[in-house]
Structures are given as structure tokens and as C-alpha cells.
Amino acid sequence: MPTCSVHQPYAISHPRRSILSDPTPRPVRVRFAPSPTGYLHIGGARTALFNWLFARKHKGVFILRIEDTDQKRYTAEAEQDFKDSLHWLGLNWDEGPDVGGEFGPYRQSERSEMYQQWANWLIDNGYAYRCNCTAERLAGLRKEQGKQKVRIGYDRHCRDLNLGPDCGEYVVRFKMPVDGETTVYDEMRGNISFQNADLQDLVLLKSDGLPTYHLANVVDDHFMEISHIMRADEWIATAPLHARLYQAFGWEMPKIAHLPVILSPSGKGKLSKRDQAFEEGGTKILVQVREFREAGYLPEAVVNFLTNVGWAFGDDREEFTPEEAMERFELKDINPSAGKLPFDKLVWLNNQYIMMMAPDALAEKIKPYLEADGLVVDMDKLKAITPYIQERIKTLSEASEWLAFLFKAEITIDDPVQLIQKNMDVDSTLRALKASYDTLKGLGDFSHEQQEKAMRALAEQMGLKAGQLFGSVRVATSGQPVSPPLFQSMEVLGKDVSLKRIEDAIKLLMIDD
RNA sequence: GCCCCCAUCGUCUAGGGGACCAGGACGUGGCCCUUUCAAGGCCAAAACAGGAGUUCGAAUCUCCUUGGGGGCACCA
């Protein structure tokens, strides 16, 4: 028997908003309410995106709310990453930490008093109760249930004990109806029904005085006047609890839609940090938004990409702006089935966006990635060459592979054999390089047009195919069998450096021979 | 084990009873273009998970099976 005093329930009248009787449609207010316990996950970003799209479509308000009630897992660094990532994607919030708003504070740790107050209200009105079962008892219960291959959860030991606030360390649990059923209307799926007998008396307030998600999200959504909830699939199972909570409080429940989750490319479970190590068809699997940024994807491409997973623009269009998407965005059009991210499509889309950019703007975007790879960037050179790599790079970070030879004083040719083109040998290659050297040296105008004119004539004169002659010079000047167009490259490289490199290649080939 | 959700080409999807021997995109293969690599153009292979039912008619509606996913915490 419990040793602590029995708490007598009493009814109090609590001031509360009643919007039940208000027939006017609510203004659209939606929120992204992440728990910053790690870096922003791409699936979280998709949830945020859909909320944002919906808010913008309806000229509503998009709110960022930080759910930091799990003190053990929350980190400030994670919260910063969430904000940075959201900003990077262009998903700006109208209310939230840093921007404020009249429904704040927007960090749950700053609202604990409110949750306690409403938890007490539930107890006082017979909708919830204190439970002082120890963690050991609960663990034992679970173990026993596991042994018997049943899972009925908490046994409601304290449900009718009417424990008072002086019963030691306690949690507050919701008194779920034991019979009947609870139906939740999902905007995408329609009615979802649960037998109350299958539901549990979940914890609302933890023993540290902080609320669980269930209490906090209901109280906050109500007082922040959230009109529509769009959250991940995994919340379906607890949706009936939330519905009962709204009912107990006498509050109107926001309309709700459960977004499909993103699956792991491995085919096993949800996409998770564990998938980061893998790749698919040569494309690295990315999980956190910051990884997409680091890998050189453009935020516009990522947003476009994400919008088309779980929802489709229609008209067989793959490329569109957020503005175009928000015009058509409807909850009912969201595909309720979970799916994988088609990374190959992102690679393609990113290249499409890169090709659409103004070359100078692209050069500016590329610069930091080159510098991150240790290159000292000459902006004039970069801008001059950018138009020629624009259709070749899939990501910004790939630019280094294409351009390093322009920004390095010395290049190395791994294997001199690379200088020798198809159907050629050392001698013919040496002749070709020497003739190219003389031809290029004789040029007064080192523009790529003049180079090409002269070199084509040379090829013909020597009885070589353009690819043979140009290939040797390409390797000589760039150190690579694959490079941006040869003459444009040499123009940017400059006449002196180009000739020097051809000379070095000739020497290399002679020594090697 | 129990509860819930989901199911169209390899992948992302269009499709809301006849307009579908199922359309698009990525990827894949082939051809063209071409100084490499790309980009671009053309062409091709490729799917309604299975079974019952409703209906004159089903990818579309219902049920069952199977498969996948989620949940069953003092985490969100």
C-alpha cells in the first residue's frame, strides 16, 4: 500500500481559451518543432519544408519551436545547426527563437511552469494522476511482459490511488479511457481508429518536472494557436493520446497530417546516421543537411529535390521554384507511403541548377570549396574558366578536380604514358608536343580561338586527328586526361605557363624513354 | 507478440471506374554530336505484389494474403 497521503480531486475553474464555439476558420499557423539532439536530418528538413510551403501558400505563419525538454540529449550546438540549416535552405520562420513573436517563448524549457500548471489542471479534473512507480518496477514489468510475449505496457498501478504531490518522486500520467475507441482524422489518410483498450496511460510530466512531448506539444500548439500539424509518420501511434488530451482540455484540435518517413537506401528501416557511410551507384548517401552543403549541393536544388519526394509538382515537371510549388501544394496530394531519396536525381538536378547560374555568381560559390581544398584562388582566372566547367560539375565541391591545375604552380604527370594518345608512340608524341610548342609559341594572340585555328592546322599538317594532338597537349598542360576544354584552359593558364608545361612534358617523355 | 500506416518501372512519381496493351523524370543500354569529360539530341528496355469480390468495365472501390514501414520509454 502506498504510504503517502491521498489527494482529493477538486474542481477548479481555470481560465482557458475556448475556440470550440468559434465558427470562423482559423488563420493558418503551422510549426516545425524539432528536438535538437543532433544535426538537422534531411527528413526533418523535408517536414519543415512541407510546413513552410503550406504556410506560405495560405499566407499563414511559419513558426520554429525548439522542443528541448529532453535535458539529457539536447545540445545548443544542435540547435544552432538547425537554425543554420533552415536558413541555408531558405526556410525562414516568422516566429521563433531569435525572431520572437507574440506567442513566445518558443523554447519549451522556458515554458515549464505552464506545463506543470496544466498537468495539475488535468489531475484536479480527474484526467490524469500521479504515479510514483519506480524505474525498477517498470523495468521489471517490461521484462515480465517480454517473457510472456505480451506487451500491454504500464499496468495502471497508480491510476486510482489518487496520490498527492507529497508522494515522493512521481510522474503524471494521462488517464486513458479503458474502453471504446478513439478516432483521429488525418488530412491525408482519413480516419484512423484505435481501440482504447490498446492504448496506455502515458507519462505527461516527468519526475524532473519537465513535460514529455505529448503534454508539451498539445499545450504549445493550443496556446500558439497552431491550425495545422504536419509531423512525421512515427507520431501516428500517439495521435489518439493527443486527441484525448485536447478533448480533456476542451480545446479544438488542430487539423493534422502525418508525413511519410524517408527510408534507408539499404532497404532496412528509416534513413539514419548509420547510412552515411554508404553509397549508391557511386553517389554518397547523405543524411544531415550540413552534409549536403559541404558536398556542394545548392540549397535551391536540395529544396526542389525534397519537394518532389512524397509530393509531386505535376505536369511532368521536375524543375520548379518554391513559389511555383506553394501555389499547388495541397495536403491531400501528399503521398502517404514512405520512400527513399533518389540521390541520383539530386545529382542531376544540382547540375541543372549549376548550369542555370550566371557564371560569375557560380564562380563566387565555387571559390570557398576550392579554398577548402587548399588552393589559392585567382578570381579572374576562376571567372574566366567557370563557363567551361559549368556543365561538367555536378556539385560545387567537384570544381577542385577540374581546376586545381590552374591554381597550382607545379603539376605532376603521374604516368608519362598518359601523354601518348591512341595509335601513337613515344616518338610521334614527342614530335607532336614539340610542334605544338613551336606553333603556340609563335602565336601573338594567345586567345583560345587563335590557338584552335593554329592547332587544327597543325594536326592536319601532321596527319593527326584532333583528339590525338590535343590529347597530348591536354595532359602536358593540365596533368590530366580529362580537363576543361583545352584552348580555354591554356588561355587562362597563360602562354608562358602553358609553354613551360609542354616543355616539361617533352623532357619527361625523353627521360622516360 | 499486440496496435497502426503503406503498396504503380531499379528509384522518385502521374493516375481518383472506361481517356492506360499505364505517362514523366533519374538511372541504365544504344546511336548522333564531339579536342577529353560533360552538356545536348534521338531511340530502347523497364511497373499496376498475389488472390477473391463489386461492376457491362478496375491500376483506380471492398476483403483476404504477402511484403515493407512505424509504434508499444520518465526520447522526441
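Being more than 7 Å from RNA strand B (Cβ to nearest atom) and in contact (Cβ under 8 Å) with a residue 24 or more places away in the chain: is that true of A:ASP221 here?
Numbers: more than 7 Å from RNA strand B (Cβ to nearest atom): yes; in contact (Cβ under 8 Å) with a residue 24 or more places away in the chain: yes.
Criteria met by A:ASP221.
Pick from segment A:187-212 the residues that are of a type in the set (Asp, Glu) and touching a Lys or Arg at 6+ places or on another chain (Cβ under 9 Å): which of them is nearest to A:ALA232 (Cα to Cα)?
A:GLU187
Is it the case that some residue within segment A:353-361 is in contact (Cβ under 8 Å) with a residue 60 or more places away in the chain and part of a loop (DSSP other than H, G, I, E, B)?
No, the conditions are met nowhere in segment A:353-361.
Which of (1) modelled with pLDDT under 95; (2) within 14 Å of RNA strand B (Cβ to nearest atom); (3) over 30 Å from A:PHE62 (Cβ atoms) does A:LYS284 not meet, given it meets every other one?
(2)
Can you tell me which condition A:TYR129 does not meet? The list is (1) under 27 Å from A:LYS255 (Cα atoms); (2) at pLDDT 95 or above; (3) more than 7 Å from RNA strand B (Cβ to nearest atom), and all the others hold.
Tallying (1) under 27 Å from A:LYS255 (Cα atoms); (2) at pLDDT 95 or above; (3) more than 7 Å from RNA strand B (Cβ to nearest atom), A:TYR129 fails exactly one: (1).
Per-residue answers, yes or no, for (1) of a type in the set (A, V, I, L, M); (2) under 28 Å from the mean Cα position of the chain (by Cα):
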| position | (1), (2) |
| --- | --- |
| A:GLY374 | no, yes |
| A:ARG392 | no, yes |
| A:LEU396 | yes, yes |
| A:GLU401 | no, yes |
| A:PHE407 | no, no |
| A:ILE411 | yes, no |
| A:GLN421 | no, no |
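How many of the residues making up segment A:214-250 are of a type in the set (Val, Ile, Thr) and in a helix (DSSP H, G or I)?
4
Answer yes or no as to whether A:ILE256 is outside any helix (DSSP H, G or I) and touching a Pro at 6+ places or on another chain (Cβ under 7 Å).
no
For segment A:326-352, how many residues meet the condition of being assigned to a helix (DSSP H, G or I) and within 13 Å of RNA strand B (Cβ to nearest atom)?
14
Between A:LEU163, A:LEU210, A:LEU205, which is surrounded by 16 or more Cβ atoms within 10 Å (Cβ to Cβ), at pLDDT 90 or above, more than 9 Å from RNA strand B (Cβ to nearest atom) and over 29 Å from A:PRO260 (Cβ atoms)?
From the options A:LEU163, A:LEU210, A:LEU205, the qualifying one is A:LEU163.
Listed here are the residues, each with its yes/no results for (1) crowded, with 16+ Cβ neighbours inside 10 Å; (2) in contact with a strand residue (DSSP E or B) (Cβ under 7 Å, 6 or more places away or on another chain); (3) in contact (Cβ under 8 Å) with a residue 40 or more places away in the chain.
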{"position": "A:PRO177", "(1), (2), (3)": "no, no, yes"}
{"position": "A:VAL184", "(1), (2), (3)": "yes, yes, yes"}
{"position": "A:GLY190", "(1), (2), (3)": "no, no, no"}
{"position": "A:ASP198", "(1), (2), (3)": "no, no, no"}
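The values are calculated or read from the model by the stated rules, or taken from the named source; none is laboratory data. Given the structure is predicted, the values throughout are model-derived calculations rather than measurements. Cβ: placed from backbone, ideal geometry, glycine included. Neighbour counts: every protein chain shown.
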